[in-house]
Amino acid sequence: MRVLVTGFINSVVGLALLSFVAVYGQATETEHAGQTVRKTEHQSEKVEHQNEKNEQPAYVEDVNEGANDTHEGENHRDHDAKKGHSEHEDDGDSKLKFSSDELKEFSIELARANPGAISKTLGLSGEVIVAPDKLFHVHALVAGMVRKVFKELGDNVKEGDLLATLSSRELAETKAQLVAANSRLHLTNANLKRERELYQKKVTAEQEYLQAKQAQTEASIELKLAKQRLLALGLSNQDVISVLLSDSDDLTRFELRAPTDGIIIAKHAVHGELLNTETQTFTIANLNQVWVNLTIHQKDLPVIHKGQSVVISTRDRLAESQPEFRGVIDWVSPTLSEATRSATARVILENADRRWRPGLFVSGTVAIAETMARVVIPRSALQNVEDRTVVFVQEGDEFKARPVQLGRTDTHRVEIVQGLEPGETFVSKNAFTLKAQMSKSAFGGGHAH
């Protein structure tokens with residue numbers, strides 16, 4: 001029993017010793033950690049004390065040197081950027097020199113910036129037509145068969161040119177009547193002369209003389225009537241005389257001649273074809289002057305009237321060069337078309353160079369109002385340089401591409417709101433030559449300074 005109690009006591013004492021050792025070890029570790037922290041704080045205080053004592057510690061100098069290097073690098077990059085920007089601005093401000101001879105050589109025209117009017121316009125569509133009084137339909141005035149054709153479709157003809165010849169029985173009969181009337185007149189003239197002499201000698205009675213005189217008058221009238229028939233068929237006085245003077249003349253020959261100068265735009269005559277008086281054998285148009293019929297919608301009628309200026313241009317925007325004509329409205333139809341409920345405005349175009357072809361669709365820009373602006377220049381003076389709209393302005397003996405701000409515009413002119421002052425001289429035509437020279441100079445060379 002005593003042995004058991006002794007063993008139990010020893011076990012309890014052992015467990016207590018083990019617990020004490022564990023607790024003591026943990027406290028020691030905690031105390032050691034606290035000492036470490038205090039030691040670290042002490043070192044930090046020592047460093048701070050050293051920083052106060054020394055103005056520039058070694059590790060601070062290293063940091064500042066890196067910062068200075070970075071700052072110098074940024075300054076260097078900023079300097080390069082500013083330099084590049086400055087160089088870019090210099091390129092934009094580069095000036096060009098052109099002598100008076102070079103201006104003439106490149107057809108560069110100068111103008112002075114002045115106030116002007118900007119037009120408010122209305123666009124109309126239209127069509128080029130042959131002027132009705134310049135269109136001629138050639139008919140065969142007698143029925144007959146075509147012998148020969150001398151002109152073809154598209155040929156230019158002069159007034160009186162021979163177009164074709166026909167063989168006509170009707171013409172032969174009319175010519176024969178002329179020849180017979182002429183012969184009868186000669187006979188009656190001889191008979192009247194004889195009867196007059198006999199009557200004067202009191203050989204014949206007065207009645208016989210009067211009958212001879214009446215016969216001569218009737219023959220003269222018949223001859224005149226035969227001549228008029230031939231003239232009505234298109235023969236000239238010379239043709240009539242030729243019929244009377246030539247015994248071997250072909251009485252069936254009928255000639256079709258051009259009634260005016262122009263171009264053949266239609267032809268309906270071929271060799272061997274039988275024509276009647278209703279056939280349009282040729283159609284000739286004089287295209288030296290044409291008309292443009294512009295369509296006016298009902299809502300636009302109040303602002304369109306006779307005498308307004310209008311610019312006519314082709315409607316083909318893909319054309320390399322669009323011809324334009326500045327004219328006036330010559331006539332406005334007093335009534336509307338029942339089908340389209342629109343009116344027609346007429347513009348007369350001079351067309352000596354034949355560039356306005358009948359049937360061509362065109363656009364008409366009508367100036368319906370005008371407003372004044374401080375500076376107005378032609379559109380041809382504007383150029384685009386580096387996505388900026390510029391005008392080449394003369395400064396002394398040099399030209400500078402100056403950016404401008406645009407205002408109102410019309411077909412040919414534009415208002416300058418900023419960048420160009422009244423009285424300054426600028427390039428109004430062929431400004432692209434200066435733009436090309438400036439681009440060339442950017443690659444090293446040319447007139448730029």
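Odds and ends about this structure:
- FRET efficiency, Thr389 to Leu153 (Cβ-Cβ, R0 41 Å, nearest 0.05): 0.25
- Using a simple spin-label model with pseudo-atoms 7 Å out from Cα toward Cβ, Asn293 and Gln418 lie 5.1 nm apart.
- Placed amide H near Leu110: partners under 5 Å, 5+ positions off or other chain: Ser428
- FRET efficiency, Arg341 to Lys120 (Cβ-Cβ, R0 30 Å, nearest 0.05): 0.75
- Exposure of Ser99 as accessible area (Å², to 10), given a probe of 1.4 Å and all protein chains: 50 Å²
- Protein-only accessible surface at a 1.4 angstrom probe places the residues Ser246, Ser168, Ser333 in the order Ser246, Ser333, Ser168, largest first.
- Here the spin labels are modelled as points 7 Å beyond Cα on the Cα-Cβ line, and at Gln405 and Asp133 they lie 5.4 nm apart.
- Modelled label reach - Thr217, point 7 Å along Cα→Cβ, segment 173-202 residues with backbone N closer than 15 Å: 189, 192
- Across segment 157-167, coupling constants 3J(HN,Hα) worked out from phi with the 6.51/-1.76/1.60 Karplus curve, θ = phi - 60°, read 10, 10, 4, x, 4, 6, 9, 6, 10, 10, 10 Hz, and Gly and Pro carry x.
- Approximating the spin labels as points 7 Å out from Cα along Cα→Cβ, the Leu274-to-Glu398 distance works out to 8.9 nm.
- Residues whose amide H lies under 5 Å from that of Arg402, counting only those 5 or more places away or on a different chain, are Val391, Phe392, Val393; hydrogens are built 1.01 Å from N in the peptide plane.
- Using the Cβ-Cβ distance between Lys224 and Ile263 with R0 = 35 Å, the FRET efficiency computed as 1/(1 + (r/R0)^6) comes to roughly 0.40.
- Across segment 385-400, coupling constants 3J(HN,Hα) worked out from phi with the 6.51/-1.76/1.60 Karplus curve, θ = phi - 60°, read 10, 6, 6, 10, 7, 10, 10, 7, 9, 7, 10, x, 9, 10, 10, 10 Hz, and Gly and Pro carry x.
- The fraction of Cα-Cα pairs per 10 angstrom bin, counted from 0 for segment 135-198, comes to 16, 29, 21, 16, 12, 5, 1 percent, rounded to whole percents.
- Between Asp161 and Met145, full extension at 0.36 nm per residue minus the direct alpha carbon distance yields a gain of 3.8 nm.
- Accessible area, probe 1.4 Å, largest first, for residues Ile348, Ile264: Ile348, Ile264
- For Glu370, the residues 5 or more places off, or on other chains, whose built amide H falls under 5 Å of its own are Lys120.
- Carbon/sulfur fraction of accessible area - segment 188-287, other protein chains in place, 1.4 Å, %: 50 percent
- Residues of segment 368-405 with an amide N closer than 12 Å to a point placed 7 Å from the Cα of Glu109 along the Cα-to-Cβ direction: 378-381.
- In sequence order, segment 217-222 has phi-based couplings of 5, 5, 5, 5, 5, 4 Hz under the Karplus curve 6.51 cos²θ - 1.76 cosθ + 1.60, θ = phi - 60°, and Gly or Pro positions carry x.
- Accessible-area rank, largest first, for His305, His271: His271, His305, with all protein chains present and a 1.4 angstrom probe.
- Inter-part distance where segment 103-170 and segment 361-387 are each reduced to a Cα centre, Å: 31 Å
The values are calculated or read from the model by the stated rules, or taken from the named source; none is laboratory data. Keep in mind it's a predicted model, so treat the numbers as computed, not measured. A quick note on method: Cβ atoms are made from the backbone with ideal geometry, for glycine too, and the neighbour counts reach across all protein chains shown. We work out accessible area using only protein heavy atoms, side chains counted, and drop any ligands, DNA or RNA first. Shrake-Rupley method; radii C 1.70, N 1.55, O 1.52, S 1.80 Å.
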